[in-house]
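The values are calculated or read from the model by the stated rules, or taken from the named source; none is laboratory data. Note that the coordinates shown come from a computational prediction; the quantities given were computed from them, not determined experimentally. Note: ideal-geometry Cβ built from the backbone for every residue, glycine included; neighbour counts use all protein chains shown. The protein model used for the area step is the full one, side chains on, heavy atoms only, and it has no ligands, DNA or RNA in it. Shrake-Rupley method; radii C 1.70, N 1.55, O 1.52, S 1.80 Å.
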Amino acid sequence: MSRGIELARCTDGNSLPEKIWLKQQFSIGVNDVTRVLERMRPCTELGKSAQLPPLISSTHRSPLVKLQAVLVASDTKPNWLTKHLPGLASSRGVPLIFVKDNKGGSLRLGELVKLKTAIAIGIKVRSFSRNRFQSFVLMFT
């Protein structure tokens, strides 16, 4: 899994520091993932994803960032930390993947982004193409 991230970083060809590069590719932590999901527009009733930019743009908000998927550790204690994520992700049309591991899902997610633990990680749309995302998930499982 880490090799896939390192390979993606090398193919980007930029010389950003690793922490900044990771922050551009992933939304790390429950607060950051929640913030990005709340800023995304909800899906319409027709089943299409409403991923268009807002009609009125405010100058104090950051630009719209979309998530391709959200990885959540299944061993989160207390559970209320991530209880809101399934409903929020489904209303935005973003798949939610629960990570369960013998070692601990939060430790495994933390290893991906060079931290001790991470409860939730959002994969930003601009970071991976669909094919690379599918191979990313297959390597992770």
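Data table
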| item | result |
| --- | --- |
| Residue, farthest from S91 (Cα to Cα), within the range 36-57, restricted to residues that are loosely packed, with under 15 Cβ neighbours inside 10 Å and modelled with pLDDT of 75 or more | E38 |
| Single residue of K83, K116, K124 found to be on the phi < 0 side of the Ramachandran plot, under 13 Å from the mean Cα position of the chain (by Cα) and modelled with pLDDT of 80 or more | K124 |
| Residue selected from the range 86-106 under the condition more than 15 Å from the chain's Cα centre (by Cα) and open to solvent by 60 Å² or more (accessible area, probe 1.4 Å), by the criterion nearest to R35 (Cα to Cα) | K100 |
| Top-ranked residue of the range 78-99 - restricted to ones that are touching a helix residue (DSSP H, G or I) at 6+ places or on another chain (Cβ under 9 Å) and free of Cβ contacts under 8 Å to residues at least 40 places away in the same chain, ranked as farthest from A118 (Cα to Cα) | P95 |
| Counted residues, the range 86-106 - those being modelled with pLDDT of 90 or more and in contact with a strand residue (DSSP E or B) (Cβ under 8 Å, 6 or more places away or on another chain) | 9 |
| Residues within the range 70-85 that are open to solvent by 60 Å² or more (accessible area, probe 1.4 Å) and closer than 12 Å to G29 by Cα, tallied | 0 |
